[in-house]
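See structure below.
The values are calculated or read from the model by the stated rules, or taken from the named source; none is laboratory data. A quick note: this is a predicted structure, and the numbers were derived from the prediction, not measured. FYI the Cβ positions are ideal-geometry reconstructions off the backbone, even for glycines, and counts take in every protein chain you see.
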Amino acid sequence: KEKVILDCDPGHDDAISIILATLHEKVDIVGITTVGGNVSVEKTTKNALNICDLVGLNVPVAIGANRALTKPLSVAESIHGESGLDGPELPEEPTLNPIDQHAVDFIIEKLLESDGDIKLVPTGPLTNIALAMIKEPKIIPKISEIVLMGGGTFGNWTPAAEFNIWVDAEAAKVVYESGVPIRMFGLDVTHQALATKEVTKRLQTINNDVADFVVELLDFFIHTYKEVFDFDGGPVHDACTIAYLIDPSLFTFKHVHVDIETKGEFTYGMTCVDLLETTGKEPNVYFADALDVDRFWDLFDETLQKF
Ligand code: BDR
Ligand code: CA
C-alpha cells in the first residue's frame with residue numbers, strides 16, 4: 001500500500017481522485033489537506049468533506065492556505081463553477097468536520113513521525129507543500145516522492161502556464177528546487193485522460209451511487225471544457241496521479257530537469273521542461289509523457305465498480 005497525503009482543491013478532477021483513491025487496496029490515505037485554488041479554501045474544504053461523506057471515507061481533513069506565497073488567490077470558477085464542484089447536488093453543510101490543525105502542520109507532523117514512506121500527492125497550487133518545506137526543512141528527506149498534477153510543455157491558463165503552477169509559481173519553485181523526487185503529471189499527459197461522452201456512457205452502466213455521482217461531475221466538466229476550450233471532453237487531470245499510484249505501468253516517463261519561471265512577462269508560471277537536455281542540469285523530475293488510454297479507463301471503471 002502507498003501511504004499518501006492528498007493535497008487538493010476540489011475541483012471536479014480532485015474530487016474524482018479522492019474517490020478513486022478511497023477504496024483502492026493499493027492506496028492508503030493518511031489524510032487530506034486543502035488549499036485555495038479552483039475556489040477558496042473554505043469551499044475546497046467543504047467539497048472535500050462532502051466527498052468523504054459520500055464515499056464513506058473517514059480520514060483527517062486539514063485546512064490549508066487560502067492565497068499564494070506572494071500574491072492573492074486566483075480561482076477557476078469558469079471551469080469548476082461557483083462552488084468548485086458545480087453539477088451534482090451536494091449538501092449545504094457537510095456532516096464531517098475538518099481537524100483542528102493547519103494543513104501545513106499536519107503535513108509536517110505526519111512526515112516527521114513517518115519512516116520516510118509517505119508520498120505527497122498535490123493536485124492544486126503547491127502553496128501548502130512549499131510552506132511545509134519552509135517551516136520544517138527536516139521533512140524534505142522524509143518525503144518518499146511528490147506525485148503532482150501541474151505544468152506541462154504548454155499552458156491552459158496562459159499560453160505558457162498551467163493553472164496550478166500559475167496560481168503559485170513561487171511555491172512551485174520551492175518544491176521543484178527542494179531535491180525531493182517529483183513525478184509530474186502535466187497537461188501533455190493529462191489531456192490524454194480525456195473523459196468524453198463515450199466514457200460517461202460506459203460509466204453509467206456501472207450503476208452505483210458513486211459512479212452516478214462521478215458521471216454528474218463529468219457531465220458538468222465536459223460542458224465547461226466545451227465552452228472554455230472547445231474540447232470534446234474533460235481531461236481528468238488530477239486523477240492521473242492516483243492512476244499512477246495504482247498502476248505505474250499505465251504511464252511512460254522522461255527523467256528531465258524542470259525549472260519554474262517566476263519572472264517572465266508572458267511566461268510566469270511556465271514549467272521549463274528540458275526534454276533535449278539543453279541546460280546540462282541534473283534531472284529533478286520524472287515527467288509523464290504518455291498514457292495507455294484504454295487501460296486507464298478500464299482501471300477507472302473497475303475502481304468505481306468497487307462501490
Ligand atoms: C488543474 O487545474 C484545476 O482546475 C484542476 O483541478 C487541475 O488540478 C488543471 O490545470
Ligand atoms: Ca486540482
### Flag for Ala62 being under 17 Å from the mean Cα position of the chain (by Cα) and farther than 24 Å from Asp100 by Cα
no
### Query
When you scan the range 131-165, how many residues do you find that are of a type in the set (A, V, I, L, M, F, W, C) and either more than 16 Å from ligand 1 (Cβ to nearest atom) or surrounded by fewer than 24 Cβ atoms within 10 Å (Cβ to Cβ) (or both)?
11
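Just to be sure before I move on: is Glu145 touching a residue at least 24 places away in the same chain (Cβ under 8 Å), within 29 Å of Leu276 (Cβ to Cβ) and in contact with a Lys or Arg (Cβ under 8 Å, 6 or more places away or on another chain) in the structure I sent?
On the way: touching a residue at least 24 places away in the same chain (Cβ under 8 Å): yes; within 29 Å of Leu276 (Cβ to Cβ): yes; in contact with a Lys or Arg (Cβ under 8 Å, 6 or more places away or on another chain): yes.
Yes: the conditions hold for Glu145.
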### Task
Assess whether Leu299 counts as being touching a Leu at 6+ places or on another chain (Cβ under 8 Å) and at negative phi.
yes
### Task
Take the residues in the range 130-177 that are β-branched (Val, Ile, Thr) and in a helix (DSSP H, G or I), then tell me which one is nearest to ligand 2 (Cβ to nearest atom).
Val167
### Query
For the range 102-126, what are the residues that are within 16 Å of ligand 1 (Cβ to nearest atom) and farther than 23 Å from Lys173 by Cβ?
none
### Query
Among Leu275, Leu245, Leu217, Leu291, which is modelled with pLDDT of 95 or more and closer than 21 Å to Leu85 by Cα?
Leu217
### Query
Can you tell me which of Phe213, Phe185 is among the aromatic types (Phe, Trp, Tyr) and either surrounded by fewer than 16 Cβ atoms within 10 Å (Cβ to Cβ) or more than 13 Å from ligand 1 (Cβ to nearest atom) (or both)?
Phe213
### Query
If you check Ile99 against the conditions, is it within 16 Å of ligand 1 (Cβ to nearest atom), touching a residue at least 24 places away in the same chain (Cβ under 8 Å) and not aromatic (Phe, Trp, Tyr)?
no
### Task
Identify the single condition in (1) among the aliphatic types (A, V, I, L, M); (2) in a loop (DSSP other than H, G, I, E, B); (3) without any contact (Cβ under 8 Å) to a residue 40 or more places away in the chain that Val215 does not satisfy, given that it satisfies every other one.
(2)
